[in-house]
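Each value in this text was obtained by applying a stated rule to the coordinates, not by laboratory testing. This one's a predicted model, so the numbers in the text were calculated from it and none came from an experiment. Cβ coordinates were reconstructed from backbone atoms using ideal geometry, including for glycine residues, and neighbour counts include every protein chain displayed.
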Amino acid sequence: MHEHTYIPEQLGNLKGNMEGLAASIGDRSLLASIPLLRKTGGRDIYAQHSLEDLYTNEKHTNHSTEYLDFDNDYILSEEDKEALNFITHSYDYAVVVDIADILLTVHFLQPHVKDGWVFDSVIDAYAYIANVDNSFTSVVTNFQSRELSEQNGAFDSKNQRTWTGILGGRCVKRQMVFVPFNVWGCHWCLLVVNKARKEIQILNSLAEIPQFRNQKMEKTLVANLQACIEYAAEDGFITHADYVNITQWRTEYYTNIPQQKDCNSCGIYVLKYMLEWNGVEMRHNFTKDQMDIFRRKICCRLLHSECNKSRRTSYKDPITKQQYLAENPTYGQDGPGIGLEDDIYMINAENGSRGNKIHSTPAKNLTSTESIKKDQAKPTLGQKKRGRPRKDGHNTKEAAGKQVTQKGLKTSTVHVRGENQRACNPSQYMLSPYKQK
């Protein structure tokens with residue numbers, strides 16, 4: 001691969017007031033750190049229940065030892081190149097990865113071929129197959145991280161969440177707990193709860209740019225992790241002797257770690273930090289060129305993983321839309337929480353309700369009347385229809401022949417003063433309709 005050079009203009013474009021950026025994008029996230037609902041053959045991408053319980057129940061325990069073969073992250077085999085070509089030319093909304101109930105479409109893996117931003121669900125899936133959660137270390141999913149980063153006091157460790165008690169127990173029993181979190185909706189960082197050193201460690205791939213650090217979020221994460229520890233002590237997940245108060249630990253911001261040289265590799269660096277950080281330093285150093293290969297290796301390993309229930313026997317031939325629809329006959333049928341084909345909706349992270357549509361592929365080969373009916377959004381469960389349905393012919397050719405429209409109708413009114421109504425005295429700027437002639 002050719003030698004990459006540092007491009008300060010790219011990072012300069014991302015600098016500035018990141019708080020203003022966060023305010024401008026509102027609930028949208030540049031990295032999909034807020035769950036998006038995608039229609040994929042009758043199943044919902046990014047099911048909240050699966051990521052809420054990931055690493056905290058026996059169902060999702062990873063018994064595979066394939067991670068032992070992850071010995072070289074910087075060499076692409078012919079099989080890997082075949083898989084990358086499959087992702088490049090396949091149907092965007094085909095589900096190709098199903099790991100621990102985390103569903104990934106081709107669209108989720110394309111940033112690993114085209115050098116784009118990494119999705120949070122990919123971070124969760126790869127951390128799972130790489131066995132980051134083991135007897136020595138543990139990891140928090142991005143769904144749990146979003147819950148823990150609530151800065152308005154909305155997070156409640158006792159709010160019927162079994163994972164909070166288990167997580168609190170792991171914070172005091174594991175040597176390190178990795179907490180990936182997203183800053184301003186456009187940059188991934190890693191917080192490490194290091195029990196051995198009694199430190200809260202912050203690993204940032206853009207450590208030299210202060211705008212890409214959110215100390216308020218870091219403090220909120222630590223405070224809510226401590227709330228999980230408190231709940232674990234109350235509910236019997238840990239003993240009184242195991243209890244610790246991580247809010248009293250010092251916070252260390254490490255800058256002597258490998259740094260990204262572009263504006264879209266932060267998620268790749270977060271994954272690499274999890275794999276290489278030993279609590280004091282990186283076990284092995286890594287370069288920008290190596291990370292470019294590792295980015296693609298992540299995609300290939302997810303496709304070929306033993307944990308992938310959607311693994312194909314061969315990735316030589318890309319999958320077309322027609323082929324995928326034939327293999328998944330339920331695709332395109334409406335169901336609970338499902339929208340129109342290729343529609344993407346924002347999901348409220350607090351209650352899971354569907355918000356506004358943010359992307360849609362227009363319907364094709366439909367008559368004007370059919371397209372109007374297709375465009376009428378169906379209400380989700382628990383919602384009422386708003387407004388009355390459109391009538392056939394509205395804004396269509398049938399309505400073009402009408403001579404008089406509601407908009408073009410002109411009317412006039414005549415006001416007659418009542419018998420007992422007094423004459424008003426208008427101001428100098430208004431003439432009275434009752435002025436005596």
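Kindly state, to the nearest 0.05, the FRET efficiency for Asp235 paired with Gln110, given R0 = 56 Å and r defined as their beta-carbon distance. About 0.85, to the nearest 0.05. Couplings for segment 107-124, taken from phi via the Karplus curve 6.51 cos²θ - 1.76 cosθ + 1.60 with θ = phi - 60°, read 4, 5, 9, 4, x, 7, 9, 9, 6, x, 5, 8, 7, 5, 5, 5, 4, 4 Hz in order; Gly and Pro are left as x. Annotation: peptides 255-268, 134-147, 235-248, ranked by per-residue average of other Cβ atoms within 10 Å with the highest first, follow the order 134-147, 255-268, 235-248.
Ranked highest first by the average count of other Cβ atoms within 10 Å around their residues, in what order do 310-318, 273-281 fall?
273-281, 310-318
With the simple model of a label 7 Å out from the Cα in the direction of the Cβ, Gln322 to Ala223 spans 5.8 nm.
With Rg and the Kirkwood Rh both taken from Cα atoms, where does Rg over Rh land for segment 83-166?
On the way: Rg = 15.9 Å, Rh = 14.9 Å.
Taking Rh as the inverse mean 1/r over Cα pairs, Rg/Rh reads 1.06.
Within segment 178-224, list the GluC sites (Glu not before Pro) lying in a DSSP loop whose Cβ has at most 10 other Cβ atoms in a 10 Å radius. If you can, show how the numbers build up before the last one.
Values: sites: Glu199, Glu208, Glu218; in loops: Glu208.
Of the GluC sites (Glu not before Pro), the ones in loops of segment 178-224 whose Cβ has at most 10 other Cβ atoms within 10 Å are Glu208.
Residues in segment 195-202 carry Karplus couplings, in order, of 5, 4, 9, 6, 10, 9, 9, 10 Hz; the curve used is 6.51 cos²θ - 1.76 cosθ + 1.60 with θ = phi - 60°, and Gly or Pro positions show x. Full extension of the segment from Gln215 to Ile75, taken as 0.36 nm per residue of separation minus the current Cα-Cα distance, would add 46.7 nm. For Leu103, the residues whose amide H sits under 5 Å from its own are Tyr46, Ala47, ignoring neighbours fewer than 5 places away on the same chain, with H placed 1.01 Å from N. Residues Lys297, Lys309, Lys321, ranked from the fewest to the most other C-beta atoms within 10 Å, line up as Lys309, Lys321, Lys297.
Amide H to amide H, with H built 1.01 Å from N, Asn308 comes under 5 Å of no residue 5 or more places away or on another chain. The phi-based Karplus calculation (6.51 cos²θ - 1.76 cosθ + 1.60; θ = phi - 60°) puts the 3J(HN,Hα) values of segment 315-326 at 10, 5, 9, x, 9, 8, 5, 4, 5, 5, 5, 5 Hz, whole numbers, x for Gly and Pro. Residues whose amide H falls under 5 Å from that of Asn328, counting only those 5 or more places apart or on a different chain, are absent, with hydrogens built in the peptide plane. From least to most packed, judged by other beta carbons within 10 angstrom and beginning with the fewest, Phe155, Phe86 follow the order Phe155, Phe86. In this label model, Glu252 and Glu306 are separated by 3.5 nm, measuring between points 7 Å along each Cα→Cβ vector.
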